[in-house]
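Everything on this sheet refers to the single structure shown next.
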Amino acid sequence: MSFGLPPRNEPRLTYGGYLKVRELILLQHLLSDPRQHDEMLFIIIHQVYEMWFKELLHELDTIIERFNADQPLAAHRLVRRCIEIERVLVDQIAVLETMMPTDFLAFRDHLMPASGFQSFQFREIEYVSGLKDARFLKNYDPNSEEHARLEARLSQPSLADAFYAMLRRRGFNLPEVSAASGGECSANSDKQAVQRISELKRIYQDSERHYELFLLTESLIEYDEMFSMWRLRHIKMVERMIGSKTGTGGSEGAAYLKKTVERQFFPELWELRSYLSKKSSGE
């Protein structure tokens, strides 16, 4: 398979050249000695995760641009794409679970002190989605590109910030929050949260009038839910492989991961479900 017509005196573009296949398949370096068969699988799975993380960040940044341009349907289409990518992230765990615990333990010690906890792209996804915790910055060299990228994400509007800003431009009376606050209001937070929920209810109370926003809101909830499902599936895989052992980077392992499951990107969108009532013909 070849792609395109090359400029004069230049070689024709090939599948492998376009995708840098030679470079890709040289990026798997096993550390175990003697070599352990399943280390190759472990490396490739996590490299693929990082590629999907890159794609998610690409999509999330564009979704924010669509919000800023008041294009809810265009944003909705890309949120649906993110959801399907999340399904792939969940399904990949089943491939990893084809390893026996003893096979993983045969090369696990060679991974220390590296840990998935250190994935800066994963932290970027959390930050851009609204979970901004500056404490994670300490895991990266202050002079590194990773630290600079995460620091920038902390100061930039999150997915929720851009969504609520779009709603304000459409007449919803939603209080503004600081882009660096991680979605938390610095003053009168409880009162402002109630106000946001009250305004967001309008989307559901008159879903036909706000149909574009209704579709988008439901997809944002599903995006949030699927991320939690990936966390939960990851926990069960870790327990299956190492039980209650600490993580390779020194974390509490599965015990730490369990603390993250309840984290939500859009807490008000979840909370408003408690305030919805049956729609009547008089509404």
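For the cross-link pairs Lys132/Lys191; Lys201/Lys236; Lys138/Lys259; Lys54/Lys259, which exceed 30 Å when the distance is taken from alpha carbon to alpha carbon?
Over 30 Å apart, Cα to Cα: Lys201/Lys236.
When the Debye formula is applied to the Cα atoms of segment 48-127, each taken as the same point scatterer, what base-10 log of I(q)/I(0) results at q = 0.19 Å⁻¹?
Debye intensities relative to I(0), on a log10 scale: -0.91.
For segment 1-106, what is the Kirkwood estimate of the hydrodynamic radius, computed as the reciprocal of the mean inverse distance between distinct Cα atoms, to one decimal in Å?
Computed over Cα pairs of segment 1-106, the Kirkwood hydrodynamic radius comes out at 17.3 Å.
How much length, in nm to one decimal, is gained on full extension between Ile45 and Arg231, taken as 0.36 nm per residue of separation minus their Cα-Cα distance?
65.4 nm
Read the figures in this text as sums done on the coordinates, not as results from a lab. These figures come from a predicted structure and were not determined experimentally.
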